[in-house]
1. Working only within the stretch 158-177, note down all residues that are in contact with a strand residue (DSSP E or B) (Cβ under 7 Å, 6 or more places away or on another chain) and over 18 Å from Met215 (Cβ atoms).
2. Kindly check whether there is at least one residue in the stretch 123-131 that is among the basic types (Lys, Arg) and crowded, with 22+ Cβ neighbours inside 10 Å.
3. The conditions are (1) at pLDDT 95 or above; (2) within 23 Å of the chain's Cα centre (by Cα); (3) of a type in the set (A, V, I, L, M), and Ala171 fails exactly one of them. Which is it?
4. Only one residue in Thr83, Thr89 is surrounded by fewer than 21 Cβ atoms within 10 Å (Cβ to Cβ), more than 26 Å from the chain's Cα centre (by Cα) and assigned by TED's automatic domain parsing to the domain that holds Val118, so which one is that?
5. Give the number of residues within the stretch 345-359 that are touching a residue at least 12 places away in the same chain (Cβ under 8 Å), within 18 Å of Ala380 (Cα to Cα) and either assigned to a helix (DSSP H, G or I) or not assigned by TED's automatic domain parsing to the domain that holds Ala370 (or both).
6. Could you give me the residue pairs with C-beta distances under 8 Å whose first residue belongs to the stretch 33-47 and is over 18 Å from Val59 (Cβ atoms), whose second residue is among the β-branched types (Val, Ile, Thr) wherever it lies, and which are 6+ apart or on separate chains?
7. Would you mind stating whether Ala102 is touching a Leu at 6+ places or on another chain (Cβ under 6 Å), small (Gly, Ala, Ser), on the phi < 0 side of the Ramachandran plot and surrounded by 22 or more Cβ atoms within 10 Å (Cβ to Cβ)?
8. I want to confirm something. Restricting to the stretch 297-335 and keeping residues that are surrounded by 14 or more Cβ atoms within 10 Å (Cβ to Cβ) and among the aromatic types (Phe, Trp, Tyr), which single residue is farthest from Ala129 (Cα to Cα)?
Amino acid sequence: MTCAVTASTSRDEFERAKRSLAGGVDSPVRAGMPMGAPPPVIASARGSKVVDVEGREYVDYLCAYGPVLLGHGDPAIRDAIATAAERGTVLGVTHPEETRLAERIREHLPSMERLRFVSTGTEACMSVARVARSYARREKIVRFSGDYHGHADEMIFSAGASSNSAPAIDAGVTRATAANVIILPYNDVGAVERCLAESGGQIAALFVEPVCANMGLVLPAPGYLLALRDLTSRAGVLLVFDEIITGFRLALGGAQALYGVRPDLTCIGKTLGGGLPIAAYGGREDVMARLAPDGPVFQGGTFSGNPLCVAAAHAFLDSLEGDRGLHDRLDVLAKRLADGTRSAIASAGLEYPVVQLGSIVDFMFRRGAAHANFDQARDADRGAYARYYWKMLDAGVHLAPSTMEVMFLTAAHTERDVDATVAAIARSLQP
């Protein structure tokens, strides 16, 4: 792999970054504070590997926190970007390829009867909340602790993804904002039932990650998503699936296809751009009609649906549609990693449960059954994970510097990558 190696160390680069970037980072988790020191500064990436500024190569399971599904620097996406760039990178008007992309997404996610493109998952979730409130003429929304729906004021507190934010002015969240958000425990149908019985007439929408990947990997309990669909329908509350991570990663139709539950509104992003920033939100035609110019709700963005990101998204969908066995192969490879990890954990005399779904694998440093909610996720031994994290880096494996994240696999990962990773896990878990 050709990489941009510098004469400085990662520590040097981080100190340099702190002199111009706030906190030395553009996202707090990148500072690695729970690990006791910053993670390596990465200079390049290709396929399943990343290379740091000192020239060290790692098998990558961070995968940019989820966007990378085909592998870093996928040739088809690179070519599509280069071709699109020759025709203009941003237009500020609707263009045919933008419309064609919307049509393709609707084919795979029929619940998105009308949709709109934005640049990030934060924008998608923030916009859905506004549209839902306008449609329902209600002010409150329901979320689940440990779910992460971006860093908008109403989404950032009691959230996963290492946000560590409270509903307080110290975190920039006003009392008025916090008062319009109801936080419930994930996987607890009874809590939702009681909430909607007491406050359903004030609630516009219920947001949920159908499969949680921001407090480690948490699967929905059997029947949970169907229960949410039934309860929200009866209460006149819009059901919003945040599929920023799960959309296209778990299946072409996302988690809603996998679990057979049709939400009223959906947010997608991350993998869609093949590594470029594009997201979308959409759903029922009557709800989306609240958006200007048809309705009173304004939402817009200069870079929304720009030709460069749209071209990358088309190339990404071309790859998935042209290789219908991709998700099955990723599932087999992830099972290989999960099974190997279970064996390594058992050999170390530990009892940590391993969770796997599709191309996502996770285990928390806590004993007992797999965690089912945010409170259980916070029981994990962060000190033990930090020690494990540094050992894995020494063994050439790049993980997220947080217990709340997961391991992502891509089409570029190989059995050799996985077997080397399992061997590294076995060594790193030894006392």
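The values are calculated or read from the model by the stated rules, or taken from the named source; none is laboratory data. Computed from a prediction, not measured in an experiment: that's the story for all the values here. Cβ sites come from the backbone with ideal geometry, for glycine too, and all protein chains shown count toward neighbours.
1. Ala171, Val173
2. no
3. (1)
4. Thr83
5. So in the stretch 345-359, the residues touching a residue at least 12 places away in the same chain (Cβ under 8 Å) come out as 345, 347-348, 350-359.
After this cut, where a residue has to be within 18 Å of Ala380 (Cα to Cα) as well, the list is 345, 348, 350-356.
Now narrow it down to the ones that are either assigned to a helix (DSSP H, G or I) or not assigned by TED's automatic domain parsing to the domain that holds Ala370 (or both): 345.
Selection size over the stretch 345-359: 1.
6. As it stands, the answer is Pro34/Thr403, since those pairs meet every condition given.
7. On the way: touching a Leu at 6+ places or on another chain (Cβ under 6 Å): yes; small (Gly, Ala, Ser): yes; on the phi < 0 side of the Ramachandran plot: yes; surrounded by 22 or more Cβ atoms within 10 Å (Cβ to Cβ): no.
So Ala102 does not fit the description; no.
8. My answer is Phe316.
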